[in-house]
Amino acid sequence: MARQTQIYIKYLTVSAMLCALGVILLSLGALVEVLDISVAVIASFLVVYAVIEMGGAYPWMIWLVTSIVGYLLMPKTPVLFFALFFGFYPILKEKAEKLPRVISWVIKFVIFHISLVLMGLGIWFLFPDMLSGMGQLLLLALTYLVSLVAFFVYDVALTRIITFYFIRLRHRFHLK
């Protein structure tokens, strides 16, 4: 009983630190607007760590708390990218990759497309003037194609980083 309580306390403490670090990273992206997507991706690695080391509801709590606190402190696009895709994608990726490869990729692409639509709507509501004008359709098509390639690269890179973590780093950062 005491050992189990110590594990819960350790996981809760690590989760709180990961949330705080995630909010700090997202705030850096809000300060330097060029880093919007980059810091959301880096903050997603915190969720990856939680998926690997803690599992269960902890990664979901880290995603939710980081998104809410980040939005309350700075309603900017890095929080939107994190909340609507990069924060929860590593959790769903872990679940999807337990399925056969083709089904896994189909599920991941469906998740990506739903998130892309939600992000587009969020940006449209936050910045309605951004998509007005003549080149709107071309801009949307170009953004979709670049996003699709970026998603594929992100997924492959995330897999490789997770593999690197298991092979080289886990013995240093393991919680148990």
If you scan region 1-24, which residues turn out to be polar (S, T, N, Q) and modelled with pLDDT of 90 or more? Thr13, Ser15
Select the helices (runs of 4 or more DSSP H) contained entirely in region 1-83, then report the ones holding at least 3 residues which are among the aliphatic types (A, V, I, L, M) and either without any contact (Cβ under 8 Å) to a residue 12 or more places away in the chain or in contact with a helix residue (DSSP H, G or I) (Cβ under 7 Å, 6 or more places away or on another chain) (or both). 2-31, 36-53, 58-73
For region 52-88, which positions are of a type in the set (Val, Ile, Thr) and either surrounded by fewer than 20 Cβ atoms within 10 Å (Cβ to Cβ) or over 14 Å from Ser15 (Cα atoms) (or both)? Ile52, Val65, Ile68, Val69, Thr77, Val79
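A quick yes/no check of all residues on (1) among the β-branched types (Val, Ile, Thr); (2) part of a helix (DSSP H, G or I); (3) under 14 Å from the mean Cα position of the chain (by Cα); (4) modelled with pLDDT under 80:
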{"residue": "Trp105", "(1), (2), (3), (4)": "no, yes, no, no"}
{"residue": "Lys108", "(1), (2), (3), (4)": "no, yes, yes, no"}
{"residue": "Gly120", "(1), (2), (3), (4)": "no, yes, no, yes"}
{"residue": "Leu145", "(1), (2), (3), (4)": "no, yes, no, no"}
{"residue": "Val156", "(1), (2), (3), (4)": "yes, yes, no, no"}
Sort out which residues of region 93-103 are surrounded by 13 or more Cβ atoms within 10 Å (Cβ to Cβ) and either in a helix (DSSP H, G or I) or under 15 Å from the mean Cα position of the chain (by Cα) (or both), and write them in order of number. Lys93, Glu94, Ala96
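Scan region 123-143 for residues that are among the hydroxyl-bearing types (Ser, Thr, Tyr) and at pLDDT 65 or above and jot them down. Let's see the steps before the verdict.
Going residue by residue through region 123-143, those that are among the hydroxyl-bearing types (Ser, Thr, Tyr) are 132, 143.
Selection gives Thr143 alone.
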Within region 158-176, the count of residues that are part of a helix (DSSP H, G or I) and surrounded by 12 or more Cβ atoms within 10 Å (Cβ to Cβ) comes to 7
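The values are calculated or read from the model by the stated rules, or taken from the named source; none is laboratory data. Remember, it's a predicted structure, so these values are computed and weren't measured experimentally. Cβ: placed from backbone, ideal geometry, glycine included. Neighbour counts: every protein chain shown.
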